[in-house]
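A.B. asks: One structure follows; several queries about it will come next.
The values are calculated or read from the model by the stated rules, or taken from the named source; none is laboratory data. For clarity, every value in this text was computed on a predicted model and none was experimentally measured. Quick reminder, even Gly has a Cβ in these numbers, built from the backbone with ideal geometry, and neighbours come from all protein chains shown.
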Amino acid sequence: ALADAAGCVRCTGTLNDASGLRQVVDLDGDGMADYVNRAGLYVTQPGSPPTLVRVLQPGRPWNFMDVADLNHDGLVDVVATRPGVVDVVLAAGAGRYNVLSAPTEGSPSQVAVGDFDGDLIEDIAIVEGQDTVSVLFSGRQGVATERVVMAELPAVARLSVTQNDEDAINDLVVTVPTPGGEDLLVQLRGDSSRRMASTIPRRAPVTVSVAAGRFTGQEQLDVMIAEPRMRAMGAGGGGGGMGPPKQFRLASMEGPFGASRLLEQTLPMAEGCTYPAGGFMVSTAADLDGDGVDSFVAVQTWGPDFPTLATRPYGVRALSVVEGELRCAGLAPIETSAAPLGVDVADLDGDGALDVVIGLGLPRYPGAPVGLPEDATPGVAVYWGDAAAPGRLATAPTVYPIDPTGPGRLVLAVFEANGRAGADVAFVDDTRLGLATFDAARQITVTRVGNAASGARALRALDADGDGLDDLVVATGNELLVYHQRPCDARRAELGGCTRPAP
């Protein structure tokens, strides 16, 4: 029905049986109302009386629809869902439309449009079935077709687009019904990484270190949290700060991600197991013995308790959750005048046992010393694993120096090199990218493989280009550098040239 100049409603035709009106919008920019319903797009043609003309018909009736200018060309586009598919209908002007279709898992039940990654191109949020929230990000022709699952919830009653902060990126608020009849609001925060996080608050003064892992052997990840002891302020306002960790807490999710409470329990230390001294630590999680249960590997590092760098013991713990308490392997501390900077776990010598590797160098924390002591050398400390006894680590570490090319700042990452049984340790110091390789006799070879921009703050190994090989990503203060590992061709393999990658 359309209103004439006098405001009267005149019947000009039906919108295709009982398929249902979904949107009223000006599709072609002529100033007249057009219609979107389950059976397609209807454009109003001027006349006396005006008539409706269907300009697009889907292969199967649409269920849920939204309209927006997806590609910022000034024309209204349509997003519509049908079983197993999201149709993106792009207006091309003069009554022409281009349709791009993206497959989904199950039947999309809701749809909403917003920019969820900050690239200034509209993305499409959908509910697949009744419980999965996914986002289609811009892909082909700058149109949202790249599907990423964001949350799996017990159920979704409503999907709303919001902007709850000042990052200029849209967020999602999901209404989740509960058995008690109350609705739970879950916020999924948009991010340029195209991974939307759901923030779960916890009450804690300071968190020293965290690591996610399967510490109880369940399929769902837990989080191990180290919390410090807060010292009271002394007379005159001095003496405050963080003391040694007073407890480790295991945090688990009650229910699926995005619609859960965080349940925490304090884990007591088993007899003979003590907390590392000092207020700061670095940590990781790893299944050291292959039983499907992760250990929490924690290493004490430099902190305000140590105003200068000097030779001192830094505590190392490999903690396992057993019958509700933490048990630790008997590991000797690292005696060094450099500071532990990071910890990782990998099979470095190719014997099938996991080893613990710790980087040593100059810390970057605020207030840290500006240089290493004269007797200090950056390097790595390795607690070697025992192939004959899975999960057993050498009691004392072996320290391997790496000659510095600057003040001694060092970041490292375990790196899977093509053609080698063991893993390498990739590192960045002040000027170079290097690899530390260990042979079967556990002897180290350090090779410079490239230059690195100064000020490297983090190093990660990941497959950046999807070729199945680890690449290296270096983060500095204002840029990311990606070093791609070249694949090993047959000729290089024949000549023995694939024993070390060439980023």
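A.B. asks: Quick one: is GLY95 over 26 Å from VAL186 (Cα atoms), of a type outside the set (A, V, I, L, M) and not assigned by TED's automatic domain parsing to the domain that holds ASP171?
C.D. replies: No; evaluated as a whole, the condition is false for this residue.
A.B. asks: Further, regarding this structure: Would you please name the residue that is nearest to the chain's Cα centre (by Cα), looking only at residues in the stretch 340-368 that are modelled with pLDDT under 90 and under 25 Å from ARG420 (Cβ atoms)?
C.D. replies: GLY342
A.B. asks: Would you pick out the residues in the stretch 362-389 that are of a type in the set (Val, Ile, Thr), surrounded by 14 or more Cβ atoms within 10 Å (Cβ to Cβ) and assigned to a loop (DSSP other than H, G, I, E, B)?
C.D. replies: The answer is THR377, and nothing else.
A.B. asks: So, ALA155, is that one of a type in the set (Gly, Ala, Ser) and buried (at least 20 other Cβ atoms within 10 Å of the Cβ) or not?
C.D. replies: For ALA155, the condition - of a type in the set (Gly, Ala, Ser) and buried (at least 20 other Cβ atoms within 10 Å of the Cβ) - is not met.
A.B. asks: State all residues of the stretch 243-269 that are at pLDDT 75 or above, more than 26 Å from MET196 (Cβ to Cβ) and exposed (fewer than 15 other Cβ atoms within 10 Å of the Cβ); if no residue qualifies, say none.
C.D. replies: Across the stretch 243-269, the qualifying residues are GLN265, THR266, PRO268.
A.B. asks: Can you tell me which residue within the stretch 158-174, out of those that are at pLDDT below 85 and not acidic (Asp, Glu), is surrounded by the fewest Cβ atoms within 10 Å (Cβ to Cβ)?
C.D. replies: Once the filter is applied, the top-ranked residue is ALA168.
A.B. asks: Tally the residues that are part of a strand (DSSP E or B) and acidic (Asp, Glu), restricting the search to the stretch 408-446.
C.D. replies: Number of matching residues: 1.
A.B. asks: Pairs only if they're at least six apart or on different chains, beta carbon under 7 angstrom, first in the stretch 459-484 and assigned by TED's automatic domain parsing to the domain that holds ARG432 and assigned to a loop (DSSP other than H, G, I, E, B), second aromatic (Phe, Trp, Tyr) and surrounded by 16 or more Cβ atoms within 10 Å (Cβ to Cβ); list them, first residue then second.
C.D. replies: ASP470/PHE415
A.B. asks: Give all pairs with beta carbons closer than 8 Å in which a residue from the stretch 35-50 that is not assigned by TED's automatic domain parsing to the domain that holds VAL24 meets a residue that is in a strand (DSSP E or B) and surrounded by 15 or more Cβ atoms within 10 Å (Cβ to Cβ); count only pairs at least 6 apart in sequence or on separate chains.
C.D. replies: If the second residue must be in a strand (DSSP E or B) and surrounded by 15 or more Cβ atoms within 10 Å (Cβ to Cβ), no pairs are left.
A.B. asks: Residues of the stretch 293-339 being among the small types (Gly, Ala, Ser) and closer than 30 Å to ALA421 by Cβ, which ones?
C.D. replies: Selection gives SER295, ALA298, ALA318, SER320, ALA329, GLY330, ALA332, ALA338.
A.B. asks: On the given criteria, is LEU136 more than 27 Å from GLN57 (Cβ to Cβ) and in contact (Cβ under 8 Å) with a residue 12 or more places away in the chain?
C.D. replies: No.
A.B. asks: Looking only at strands (runs of 3 or more DSSP E) that lie completely in the stretch 70-144, which have at least 2 residues being touching a Leu at 6+ places or on another chain (Cβ under 6 Å)?
C.D. replies: In the stretch 70-144, the matching strands (runs of 3 or more DSSP E) lie at 85-93, 96-103, 108-114, 123-128.
A.B. asks: Among the residues that make up the stretch 413-427, is at least one of them assigned by TED's automatic domain parsing to the domain that holds ALA461, within 25 Å of ASP471 (Cα to Cα) and of a type in the set (Phe, Trp, Tyr)?
C.D. replies: There is at least one residue in the stretch 413-427 that is assigned by TED's automatic domain parsing to the domain that holds ALA461, within 25 Å of ASP471 (Cα to Cα) and of a type in the set (Phe, Trp, Tyr).
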